[in-house]
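The values are calculated or read from the model by the stated rules, or taken from the named source; none is laboratory data. Note that the structure is predicted; figures quoted are calculated from it, not measured. Counting neighbours? That spans all protein chains shown, and the Cβs are built from the backbone with ideal geometry, glycine included. SASA here: full protein model, heavy atoms, side chains in, ligands and nucleic acids out. Shrake-Rupley method; radii C 1.70, N 1.55, O 1.52, S 1.80 Å.
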Amino acid sequence: MKMFRDNFKFSLQTRKLWWFTATSRTRARFARTSLGSFWLGFSNLLSIATLGVVYGTVFAVSDFNSYLIYLGIGLVVWNSISSSISSSPMLFINNRSNIQNLKLKPIFYVLEEWAFQLQTFFQSFSLVFLVLLFFNNSLFYNLLISSWIPFINLFIFLFWFPLVIALISLRFSDFAQLVPIVMQLIFLISPILYKKENLGDLNWITNINFIYILIDSLRTSLIESSTNYQTQFILFFCNILGLIFSIITLNLQSKKIPFLV
């Protein structure tokens with residue numbers, strides 16, 4: 001308990017610093033562009049429009065507007081999860097100089113990366129969501145009423161799971177090469193571009209695909225204003241266990257990290 005109190009206290013004390021450094025990264029990312037962070041949402045909208053036309057035709061969808069909303073929400077959430085996980089193997093390595101020369105706890109760099117990914121998600125999701133409102137204005141009401149718990153589960157997952165990947169990658173360098181391959185496979189077997197029913201006899205895959213369950217829970221709450229609280233409780237419980245495990249592992253490895261990066 002002392003370990004968790006110390007980490008929580010440190011996170012609060014440095015919250016302005018790690019949030020500021022994450023914000024600086026976001027600004028530097030689009031420093032010389034005219035549209036700035038608008039490009040995050042615009043690129044997603046372009047992908048949604050292109051994939052919507054192509055796969056809407058391939059799957060012969062009867063209600064294109066509904067499919068576009070289904071695809072748009074699923075894709076923007078997937079992109080956030082994929083970005084967090086794909087960048088996690090280099091989390092500590094990219095901060096090698098600071099880790100070896102500054103007396104900051106390693107969790108600081110985890111918080112900074114988490115804040116950066118959250119900012120990226122909100123900047124992208126906001127624009128996509130505003131456009132999707134033109135196709136279904138009830139999305140805003142559903143967001144306020146039904147989506148709080150799915151969002152919380154998503155944000156907790158974006159903290160602990162990339163941290164676990166980062167810690168494994170420190171020990172096993174080859175693991176970093178495996179992550180993008182696995183993410184690509186998960187994307188292909190996850191009903192993001194298509195409906196779950198299109199999987200046919202392989203429908204059972206969605207029941208063990210934790211990432212898809214997170215996406216589907218959030219998407220369903222936004223589109224249908226429906227929240228399965230039993231599923232959300234299970235997800236929350238798994239997230240808390242993952243959070244505890246990741247922090248314990250980080251603390252056990254914290255003294256070795258400067259020698260592993």
> Are any residues in the stretch 123-154 farther than 19 Å from A49 by Cα and either touching a helix residue (DSSP H, G or I) at 6+ places or on another chain (Cβ under 7 Å) or surrounded by 15 or more Cβ atoms within 10 Å (Cβ to Cβ) (or both), and if so, which ones?
Replying inline: N142, L143, S146, S147, I149, P150, F151, N153, L154
> Under the condition of being under 19 Å from F125 (Cα atoms) and open to solvent by less than 10 Å² (accessible area, probe 1.4 Å), which residue from the stretch 81-105 is farthest from the chain's Cα centre (by Cα)?
Replying inline: I85
>> open to solvent by 40 Å² or more (accessible area, probe 1.4 Å), in contact (Cβ under 8 Å) with a residue 12 or more places away in the chain and of a type in the set (K, R): is that true of R219 in this structure?
In response: no
> Of all the helices (runs of 4 or more DSSP H) wholly in the stretch 24-121, which have at least 1 residues that are farther than 30 Å from M3 by Cα and not aliphatic (A, V, I, L, M)?
Replying inline: 38-58, 64-87
> From the set of residues in the stretch 7-45 that are open to solvent by 50 Å² or more (accessible area, probe 1.4 Å) and modelled with pLDDT of 85 or more, which is farthest from F122 (Cα to Cα)?
Replying inline: K9
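Per-residue answers, yes or no, for (1) polar (S, T, N, Q); (2) in contact with a Leu (Cβ under 9 Å, 6 or more places away or on another chain); (3) without any contact (Cβ under 8 Å) to a residue 24 or more places away in the chain:
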| position | (1), (2), (3) |
| --- | --- |
| M90 | no, no, no |
| N98 | yes, yes, yes |
| T120 | yes, yes, no |
| Q123 | yes, yes, no |
> Across the stretch 89-123, what is the number of residues that are farther than 14 Å from S24 by Cα and among the charged types (D, E, K, R)?
Replying inline: 3
>> I'm trying to understand the selection: among the residues of the stretch 44-65, which are among the hydroxyl-bearing types (S, T, Y) and either without any contact (Cβ under 8 Å) to a residue 60 or more places away in the chain or in contact with a Cys (Cβ under 8 Å, 6 or more places away or on another chain) (or both)?
In response: S47, T50, T57, S62
> Is one or more of the residues making up the stretch 169-177 open to solvent by less than 50 Å² (accessible area, probe 1.4 Å) and of a type in the set (D, E)?
Replying inline: no
> Would you say I181 is surrounded by fewer than 16 Cβ atoms within 10 Å (Cβ to Cβ), β-branched (V, I, T), more than 26 Å from N228 (Cα to Cα) and modelled with pLDDT of 90 or more?
Replying inline: yes
